[in-house]
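Values quoted throughout were computed directly from the atomic coordinates according to the rules given, and no laboratory measurement underlies them. Source: prediction; values computed, not measured. A quick note on method: Cβ atoms are made from the backbone with ideal geometry, for glycine too, and the neighbour counts reach across all protein chains shown.
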Amino acid sequence: MEIPIYSSETIAYIESIQKRALFNTFGPAYEDKLAEIFPSTNMFLDHIETQLESEFKDGNDDLKYELEAQLKNKATDEIVNLTKYEFTQHKSILNAAELKFRRSVVDPKYLEQIPCSATLHSFETNAEIHPYPTEDKPTIFFHGELFSANLMFCKLIIQLIQDTKDETGKDHYTSFRIKDDPETLKIVTLNAIYFYNYYYSDISDTCPSYNLSSPFENNILAIFLDSIAFFIYAHETGHAILEHNLSGRGTSIETMQNEEYEADRFAMIHLRNYCGIAKENVLTLLGPIIFFRYHMLRERYVPGLDEVNTHPQTITRLIKYVEWLQSKCHPNDEEIIKNFLQLEERLFTIISTSFERIHTIAP
Ligand SMILES: [Zn+2]
């Protein structure tokens, strides 16, 4: 299955939006600024790629391997719609999500309605839809930091999960437990400071690069990242396919909030379908919970974030997601979901306690 190649008109349109974002971020010298940023950020993202690749070596996930190989070829051949303002790795994540979504559509007519998509290089961590009628379709723009923020937040959380394989002798993904020894808590607190300073305040302009060490941690990371990218992609695509009012003009707050729930539901249904098709395990359905937690902290700590009026509170979206998960899950997965929910609430408390302490001492 191929991702459609966009027309030159669409590429020109995408590039104009990307240039504007760069101009807004860096001013007129944006091209020089980009040259400074690209090498280091690419190294950082190459590292993710290497990690993801190492997870595919054991051959237990042919679909993922095939998709990644396709993407790599596409990226090098420049077949994908890749403008010079787009990060190769961010675009690859996006394309992987689109390919997986295309394979998982619950209604074949959706294939015709999939919007165009592109990345923006800015320091924002969200996605937006532009209802511009290129090829009669809207375009979704994913801000680049959306992916790296989720990557780093997942790492933060995963460092606190204990690998219990040796103790229980059974599948270690089913019995989530917390690592709350003083050494781990010290490391996580330090990493939380990095995360907070970079993503939630302007204190640091250095991208944090704390690493995970064990195959257990890296495995969970790969699954959660895959799941979160899919969920975000499917949510935004849901807005377009469900023909929501993309400009937001003339729409009541209540309608806009309902559209958010509808897009979440659309993404949930497709994520579950993806799990079935790709024979993924239930961990894939847990990624969005981490994403909602990341968002809740963002609402709390990013100054001037003006989403609360048009978007429902993230806590409500999280509750709805968990209710759905519990009502639709396979009976065999009930235990793992229950264990994970208990764990993630504690993880979230530990991380938000760290953030709260930094927040109160930071200017
Ligand atoms: Zn939305």
Item checked: Hydrodynamic radius of region 219-282 per Kirkwood, over alpha carbon pairs, in Å -> 12.7 Å
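Taking 41 Å as R0, compute the FRET efficiency from the Cβ-Cβ separation of Ala29 and Thr353 and round it to 0.05. Write down the numbers at each step before the final one.
Details: r = 40 Å, r/R0 = 0.99.
About 0.50, to the nearest 0.05.
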Check: Taking Cα centroids, how far is region 309-363 from region 186-256 in Å?
Finding: 14 Å
Margin query: Please compute the length gained on full extension between Cys329 and Glu299, using 0.36 nm multiplied by the number of residues separating them and subtracting their Cα-Cα distance.
Written below: 7.9 nm
Item checked: Given charges at Cβ of Lys, Arg, Asp, Glu: region 146-361 dipole, positive-most of His295, Phe176, Tyr321 -> Phe176
Checklist line | trypsin sites (Lys or Arg not before Pro) within region 98-140, DSSP loop, no more than 12 other Cβ atoms inside 10 Å | finding: Lys109
Next item on the list: Any chance you could list P(r) for region 146-361, counting all Cα-Cα pairs in 5 angstrom bins from zero, rounded to whole %?
Entry: 1, 6, 14, 18, 20, 16, 13, 8, 3, 1, 0, 0
Checklist line | Cβ-derived FRET efficiency at R0 45 Å, Thr360 paired with Ser7, nearest 0.05 | finding: 0.30
Item checked: Given Lys91/Lys279; Lys155/Lys279; Lys100/Lys279; Lys19/Lys91; Lys19/Lys100; Lys137/Lys320, the pairs whose alpha carbons are separated by over 20 Å -> Lys91/Lys279; Lys155/Lys279; Lys19/Lys100; Lys137/Lys320
Next item on the list: Determine, from the Cβ-Cβ distance of Lys186 and Gln313 and an R0 of 25 Å, the FRET efficiency 1/(1 + (r/R0)^6), rounded to the nearest 0.05.
Entry: 0.15
